[in-house]
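Beneath this line is the structure, given in structure tokens, with notes to follow.
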Amino acid sequence: EPEVTQTPSHQVTQMGQEVILRCVPISNHLYFYWYRQILGQKVEFLVSFYNNEISEKSEIFDDQFSVERPDGSNFTLKIRSTKLEDSAMYFCASSRILAGGGDTQYFGPGTRLTVL
Amino acid sequence: TQLLEQSPQFLSIQEGENLTVYCNSSSVFSSLQWYRQEPGEGPVLLVTVVTGGEVKKLKRLTFQFGDARKDSSLHITAAQPGDTGLYLCAGARGGGSNYKLTFGKGTLLTVNP
């Protein structure tokens, strides 16, 4: 069964460094998402992406964050200058059509980002 | 701000017991998804409900979407230790916010042998 994959599974970085988290969504899906989950807290929406542009973003997704689909398979989240509070699990998800249209978002296994 | 309130937050039961987990909101959702999440892993989809009043069954799990599409429940019959985990509900809205899911905080279920 097709699944969303993410790399790396764990990333440790120093505060102020740039990190790129990578995702390979399910191949026939058109909508891509990033969510994060700080330890002990609920999963929070960061950004959605469709047709090579951002569709919606949350207030968490500030100028330090960017997303890109550099080729036909990868979807990346870049944090330009990491802060301690960026430490969290980051989940990539994909769906065929819009969540509001009743479609399902499938999640990857996550990347645990630790900022020291 | 859309909020999904899940209850109870923690639930510890004995093997063989039945249980119900609730997901409530003051907002109407176009669809609602239930996920199960293991520690350190991503949410794994259990079911998506779309129509008000809809009932879906997945083996011993029964999911219901409220008639007004503001609430949902998950009922587990004859719980087993393998059902232990964090159960999350997540709602999607139409219109301008139809690209994202809003998650509840989850119900952490422990089924003791």
Among strands (runs of 3 or more DSSP E) completely within region B:54-113, the ones holding 2 or more residues that are within 14 Å of chain A (Cβ to nearest Cβ) are B:55-58, B:61-65, B:85-92, B:101-103, B:107-112
Within region B:22-36, how many residues are part of a strand (DSSP E or B) and crowded, with 21+ Cβ neighbours inside 10 Å? 6
Looking at region A:51-60, is at least one residue over 22 Å from A:Pro2 (Cα atoms), among the aliphatic types (A, V, I, L, M), in a strand (DSSP E or B) and modelled with pLDDT of 95 or more? no
Give me the residue from region A:42-67 that is surrounded by 13 or more Cβ atoms within 10 Å (Cβ to Cβ) and of a type in the set (S, T, N, Q) and, out of that set, farthest from the other protein chains (Cβ to nearest Cβ). A:Gln64
Anything in region B:47-69 that is touching a residue at least 24 places away in the same chain (Cβ under 8 Å) and either surrounded by fewer than 18 Cβ atoms within 10 Å (Cβ to Cβ) or touching a Phe, Trp or Tyr at 6+ places or on another chain (Cβ under 7 Å) (or both)? List them, or say none. B:Phe63, B:Ala68, B:Arg69
What are the residues in region A:66-116 that are hydrophobic (A, V, I, L, M, F, W, C), within 23 Å of A:Gln17 (Cβ to Cβ) and within 11 Å of the chain's Cα centre (by Cα), if any? A:Val67, A:Phe75, A:Leu77, A:Ile79, A:Met89, A:Phe91, A:Cys92
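The values are calculated or read from the model by the stated rules, or taken from the named source; none is laboratory data. Computed from a predicted model, the values in this text were never measured in an experiment. All Cβ positions, even for glycine, are placed from backbone atoms using ideal geometry, and neighbour counts span all protein chains on display.
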